[in-house]
1. Can you give me the C-alpha center-to-center distance between region 150-168 and region 180-234, rounded to a whole angstrom?
2. Hey, if you put +1 on the Cβ of every Lys and Arg and -1 on every Asp and Glu Cβ in the chain, which of Gly72, Val119, Tyr20 ends up farthest toward the positive end of that dipole?
3. Could you please state how large a percent of the accessible area of region 24-101 is carbon and sulfur, counting protein chains only and using a 1.4 Å probe?
4. Relative to the present Cα-Cα distance, how much length would full extension add between Leu172 and Ala236 at 0.36 nm per residue of separation?
5. Ala102 to Val194: extension gain in nm, 0.36 nm per residue of separation minus the Cα-Cα distance?
6. Mind checking the alpha-carbon convex hull of the chain and giving the volume per residue in Å³?
7. Of the peptides 119-125, 34-40, 21-27, how do they stack up when ordered by the mean number of other Cβ atoms within 10 Å, highest first?
8. Per residue, what accessible area does the chain have, given a 1.4 Å probe and all protein chains present, in Å²?
Amino acid sequence: MPLLRDADLADAFDHAARSYDALVAANPGYHAHLRRSARRLGLPPGGGGLRVLDLGCGTGASTAALAAVLPGADITAVDASAGMLRRAAGRPWGRTVRFVHAPVERLDEAGVSGPFDAVFAAYLLRNAADPDAVLATAHRLLAPGGRMAVHEYALSGRAGHRAVWSAVCGGLVLPVAMLLGDGPLYRHLWRSVVDFDTAGALGRRVERAGFERVRVLPLPGWQTGITHTVVARRPAADRWHAETDGSTGGGRAGTRPHAVRGEDTGPRGGRNPR
């Protein structure tokens, strides 16, 4: 089965937006895991004065996780699916959250510019036609020393974890999705995980994109060995230049970036696939 890409994938998410949150609710730990990955950014408590970019925000579950962990941060949430974004924007939010309809490749045109203190990308990379280009964009938009967390279905490489993933998709997710008329999307999502990087390969991909202090951290529950957080940072020795940001609207391009304190954190105590 060929994977959906670009406009076809955005259209499929548009169609699925009405039922997406209901399917997510059936996934134990889904929202708690997103909050855990947000905490793993290692940002100062509350996030006051920081700028955070949520790439691939979907219906806003990842945005809600960031807002819960970093209530003082200025969050820009981006997605290529207009239907998913409408659902996200319809939630009650503080004035520090704004939503932008744009694919990652066209953030400049949409007025999204850096530097950001952190980038969060949940369930995005494996759905991108060019995941390396997504990582390059995240690197470019981060301030020197800025943090990134990739929250992704990335299998450990063990046969047992792959079997659990396929069993959950085949026995629960796909039958429900087919009844809702979203079978093609969820077949894509099942295959996208099987065909994507293992967790270790994803960590190495992030390193090749120019990030440092890369750590691959597991998540608990039934998703152990299936979902991971990859945390990393743009090297502090990098210099920020407005011209390297490549954008002309919004944001703080060319201004002095925030200094991000603290160190990368490890696991702490505490979307259907997307």
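1. Answer, in whole Å: 9.
2. Gly72
3. Numbers: 1520 of 2740 Å².
Accessible surface attributable to carbon and sulfur in region 24-101 totals 56 percent.
4. Values: separation 64, 0.36 × 64 = 23.04 nm, distance 4.47 nm.
Contour length minus Cα-Cα distance gives 18.6 nm.
5. Values: separation 92, 0.36 × 92 = 33.12 nm, distance 2.68 nm.
Roughly 30.4 nm would be gained on extension.
6. Each residue corresponds to 112 Å³ of Cα convex hull volume.
7. On the way: 119-125: 27.0, 34-40: 23.9, 21-27: 15.3.
Packing proxy ranking, top to bottom: 119-125, 34-40, 21-27.
8. 40
The values are calculated or read from the model by the stated rules, or taken from the named source; none is laboratory data. This one's a predicted model, so the numbers in the text were calculated from it and none came from an experiment. We place every Cβ from the backbone using ideal geometry, glycine too, and count neighbours over all the protein chains shown. Note: accessible area is taken over every heavy atom of the protein model, side chains too, but ligands, DNA and RNA are not part of it. Shrake-Rupley method; radii C 1.70, N 1.55, O 1.52, S 1.80 Å.
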